[in-house]
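Readers should treat all values here as calculations from the given coordinates under stated rules, not as data from a laboratory. The structure presented is a predicted model; accordingly, all values stated were derived computationally and were not measured. Here Cβ is always computed from backbone atoms with ideal geometry, including for glycine, and neighbour counts include all displayed protein chains.
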Amino acid sequence: MELDKKAIGNRINLERKNIGLTQEELAIKLGLNNKSSVSQYEKGDALPSDDIKMQMCNLFNCSLDYLLCKSEIRNPENDIDFDPDKLRIGLSKKDYENITEEQIKQIEELAKVILKDNLKNKKKEE
């Protein structure tokens, strides 16, 4: 699947503006020599290197799929519909008598990993 440079450029432009940076300021944050690289990215004339893409994802607080316009979900791991009550399925109240807050957090994180994996598999099937 070929990347749509124009769409990616538009996304980079939008995200840069959302965090209130000029092209020059973004170039500096990314360690680029000049703002012309950012301009080329935003016009769709060039794609950033993998390293620059990852830096952009960190700056823009988004996934690589979102930056590359492969998804409209900014952060899939944050967009999981998580219902903690579903964790108790198949377990009795006794199983939870001595559970700590740390264990609850661990269970929730594991459940999120499983849900995220299931979402990826479901998308592959579609």
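Taken along the Cα-to-beta-carbon direction at a fixed 7 Å, the label points for Glu2 and Arg74 span 3.1 nm.
Modelled this way, with points 7 Å down the Cα-to-C-beta line, the labels at Asn98 and Lys43 are 6.8 nm from one another.
Cα gyration tensor of segment 4-77, axes a ≥ b ≥ c as square roots of the eigenvalues: rounded (a/c below 1.5), prolate (a/b > b/c) or oblate? Prolate is the answer for segment 4-77, as a/c is 1.5 or above and a/b outweighs b/c.
Go through Lys5/Lys70; Lys70/Lys105; Lys6/Lys70; Lys35/Lys70 and tell me which ones have a Cα-Cα distance over 23 Å in this structure.
Working: Lys5/Lys70 12 Å; Lys70/Lys105 30 Å; Lys6/Lys70 13 Å; Lys35/Lys70 26 Å.
With Cα atoms farther than 23 Å apart: Lys70/Lys105; Lys35/Lys70.
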